[in-house]
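This report refers to the structure that appears directly beneath it.
The values are calculated or read from the model by the stated rules, or taken from the named source; none is laboratory data. Because the structure is a prediction, the values reported are computed rather than measured. Backbone-built Cβ (ideal geometry, glycine too); neighbour counts: all protein chains shown.
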Amino acid sequence: MDKVLVEVFIPAANQTFDIFLPLKSKLHEVVLLVANTLTELSQGYYTGTEQTVLCDRHTGEIFNINNTVEELGLKNGSKLMLL
């Protein structure tokens with residue numbers, strides 16, 4: 001499979017979304033796409049910026065945007081947070 005299904009939590013909107021992420025994409029591309037999509041889906045509670053980061057929801061570790069989703073070890077069911 002070339003995609004993983006992850007759960008993305010947005011604290012600003014107190015909402016969670018399930019999103020498919022392509023394994024071969026660099027995280028900086030993924031963050032841009034996810035931020036733009038969730039800006040629309042959150043009905044204005046969240047607005048993505050150039051400083052938007054994606055991190056592990058449990059540890060708070062910010063992911064390296066130069067790695068691919070696969071290199072970061074993200075799997076189906078991973079819980080992330082968009083800040």
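Scan region 60-83 residue by residue and report those that are of a type in the set (S, T, N, Q) and closer than 20 Å to PHE17 by Cβ. Quick ask: steps written out before the conclusion?
Start the filter on region 60-83 by keeping residues that are of a type in the set (S, T, N, Q), which leaves 64, 66-68, 76, 78.
Residues satisfying the conditions are ASN76, SER78.
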Notebook entry, point to check: In region 30-62, what residues are surrounded by fewer than 13 Cβ atoms within 10 Å (Cβ to Cβ) and closer than 11 Å to LYS79 by Cα?
Noted result: HIS58, THR59, GLY60
Notebook entry, point to check: For region 31-79, how many residues meet the condition of being within 18 Å of ASN14 (Cβ to Cβ), part of a helix (DSSP H, G or I) and free of Cβ contacts under 8 Å to residues at least 12 places away in the same chain?
Noted result: 2
Item checked: The lone exception for GLU71 - which of (1) touching a strand residue (DSSP E or B) at 6+ places or on another chain (Cβ under 8 Å); (2) surrounded by 13 or more Cβ atoms within 10 Å (Cβ to Cβ) it fails -> (1)
Next item on the list: Quickly run through region 10-24 and pick out the residues that are free of Cβ contacts under 8 Å to residues at least 40 places away in the same chain and either part of a helix (DSSP H, G or I) or closer than 20 Å to THR68 by Cα (or both).
Entry: ASP18, ILE19, PHE20
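Does GLU7 fit the bill of being in contact (Cβ under 8 Å) with a residue 40 or more places away in the chain and of a type in the set (Asp, Glu)?
In short, yes.
Kindly indicate which of THR68, THR52 is hydroxyl-bearing (Ser, Thr, Tyr) and modelled with pLDDT under 95. Give the steps one after another, and end with the answer.
Numbers: THR68 fails: modelled with pLDDT under 95.
None of the others qualify; the one that does is THR52.
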Next item on the list: Return only the number of the condition from (1) free of Cβ contacts under 8 Å to residues at least 24 places away in the same chain; (2) surrounded by 14 or more Cβ atoms within 10 Å (Cβ to Cβ) that LEU27 does not satisfy.
Entry: (1)
